[in-house]
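Notes follow once the structure below has been shown.
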Amino acid sequence: MGLLDGARNLIGDIAAAADRALENTGSGKLALAFAKFYPGGLAAFLDRLRETGHGGAVESWLSAQTRPEERHSVPTAAIAACLPEAVTKRLAYDLSIPEGRVPTVLAEFLPAAVAAQSENGTLKPQPNFSTQVR
């Protein structure tokens with residue numbers, strides 16, 4: 001195994017550990033992070049996804065009738081396009097993941113997090129913090 005293979009394995013291990021850590025903290029951590037750093041919180045981010053043509057996916061996350069395997073995904077690039085750079089940096093720090101992984105992690109975990117934060121097809125009331133990035 002060469003140096004490059006070792007570096008790839010290390011990077012893969014770090015990414016996997018970050019994903020496990022986020023998964024273990026549950027959906028509340030994502031919702032709380034959005035409440036702290038995204039102007040308008042999780043609800044505003046979901047509205048932004050709807051505005052960019054991903055309303056069907058968002059609705060599949062909110063619907064109580066949708067089984068987990070039926071939730072639609074949003075491409076990582078679309079998630080990244082909806083996140084201001086300052087928010088991405090703060091989410092990375094708050095979620096303890098590398099900044100470059102934020103859109104990928106959100107694309108993977110946001111559907112379940114939103115489903116856990118919704119009731120009867122709508123998002124439950126979310127906290128609001130004064131530290132949101134403007």
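The values are calculated or read from the model by the stated rules, or taken from the named source; none is laboratory data. On a predicted model such as this, the values are computed, not experimentally measured, just so you know. In this analysis, Cβ positions are derived from the backbone assuming ideal geometry, glycine residues included, and neighbour counts consider all displayed protein chains. Note: accessible area is taken over every heavy atom of the protein model, side chains too, but ligands, DNA and RNA are not part of it. Shrake-Rupley method; radii C 1.70, N 1.55, O 1.52, S 1.80 Å.
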* Taking the Cα centre of segment 33-134 as the origin, how large is its charge dipole in debye, to the nearest 20, when only Lys and Arg (+1) and Asp and Glu (-1) carry charge on their Cβ atoms? -> 240
* To do: Could you look at segment 59-134 and say what percent of its accessible area is carbon and sulfur, using a 1.4 Å probe and all protein chains?
  => 51
* Structure fact -> Taking placed amide H atoms and a strict 5 Å upper bound, the residues 5 or more places from residue 63 or on another chain that come that close are none
* Asked: Full extension from residue 124 to residue 80: what is 0.36 nm times the residue separation minus their Cα-Cα distance, to one decimal in nm?
  -> 13.4 nm
* For segment 46-94, accessible area per residue (1.4 Å probe, heavy atoms of protein chains only), Å² -> 56
